[in-house]
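To keep things clear, I will list the structure first and then write my remarks on it.
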Amino acid sequence: MILTNIESVPGKNIMEHFGLVSGSTVRAKHLGRDLMASLKNLVGGELKGYTELLQESRDEATNRMIDQARHLGANAVINVRFATSSVAQGASELYVYGTAVRVE
Amino acid sequence: MELLSLLFFLGLGYIVGTIAEKRHYRSIETRERQYLSLPAVTIKNIDHQGAKIESVALVQGSAVISVDYFKRMLAGLRNIFGGRVKSYETLLDRARREATLRMKKQALFSDIVLNMRVETSAIGKSANRKKSIGSIEALVYGTAITYRK
């Protein structure tokens, strides 16, 4: 599956459009990570636990989008966008969307 | 006693935070020099000058960075007088540059990254509290193009 965030797949021609595909996941962090993060908040710096958590969640959302696209018979998703929103305290939603196409 | 612990946290935040930030900036600068040959641009369509395209892939990088206790206090004071909040400027700058570097690391064997997008969001506990930013996430993504050699 080819993913791009531009309107085409360079070097290939788009043969067919399948419309919007999207994937999302809502994740909360577990207590241990939260505790570590609040300690880290004192001295500042990177919160590795959060970075990993968000990256994992984003990968999962992307995989869901890819599954959907594959189901439609597409072999590429173009114009992929990421969106993040915090739903509640300590939980955030990662949303990925794009246009499924078939390229040759 | 309370004042003492407050001062302790302030001091700890200041000393450790400053050292960590300096070290982070040094590592960012060395890595930025390493990746100079891989341009990341915000334009979508470029002239490939007849080069054959080997592969196209979505690359991304992200970083969650938080400010230290001292700087958060400082920013709180700034809220009274208004003006430039330098401590948060460096926070955002660090997060974005780190995320960009991580994206470039993913695109290491590519020739160019097109349509680079930067997205920032406040996360964590303080996301809902209006006054303090606390920690922020920077996400950078783009389309990496590799030419056939």
- Query: Pairs B:Lys22/B:Lys71; B:Lys44/B:Lys149; B:Lys52/B:Lys105; A:Lys12/B:Lys104; A:Lys40/B:Lys22; B:Lys52/B:Lys149: which are spaced more than 19 Å apart, C-alpha to C-alpha?
  - Reply: B:Lys44/B:Lys149; B:Lys52/B:Lys105; A:Lys12/B:Lys104
- Item | Choice from B:Ser135, B:Ser110, B:Ser27 with maximal GNM fluctuation in chain B (Cα, 10 Å cutoff) | B:Ser27
- Reduced Cα scattering model of chain B, Debye log10 I(q)/I(0), q = 0.12, 0.15, 0.16, 0.18 Å⁻¹: -0.62, -0.84, -0.91, -1.05
- Message: Taking each residue in A:8-14, count the Cβ atoms of any other chain within 10 Å of its Cβ, then average. What number comes out?
- Response: 4
- Folded to 0 to 90 degrees: helix A:31-43 orientation relative to chain A principal axis, Cα: 70
- For chain A, one quarter of the surface area of the C-alpha convex hull, expressed in nm², comes to 7.6
- Query: Give me the log10 of I(q) over I(0) for the protein assembly as shown at q = 0.11, 0.14 Å⁻¹, as the Debye formula computes it from C-alpha points; what are the numbers?
  - Reply: -0.66, -0.97
- Task: Determine the shielding of peptide B:12-21 by partner chains: average, over its residues, the number of Cβ atoms on other chains within 10 angstrom of each Cβ.
- Result: 3
- Based on other C-beta atoms within 10 Å, arrange B:Lys104, B:Lys22, A:Lys40 from fewest to most. B:Lys22, A:Lys40, B:Lys104
- Task: Determine the shielding of peptide A:46-58 by partner chains: average, over its residues, the number of Cβ atoms on other chains within 10 angstrom of each Cβ.
- Result: 5
- Query: What list do you get for A:Phe18, B:Phe81 if you sort them by fewest beta carbons within 10 Å?
  - Reply: B:Phe81, A:Phe18
- Message: For chain B, set up a GNM with springs between Cα atoms under 10 Å and report which of B:Gly76, B:Gly17, B:Gly61 has the largest fluctuation.
- Response: B:Gly76
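The numbers here are math on the coordinates, done by the rules we state, and not lab data. Remember, it's a predicted structure, so these values are computed and weren't measured experimentally. Every residue, glycine among them, receives a Cβ derived from its backbone with ideal geometry; neighbour counts consider all protein chains shown.
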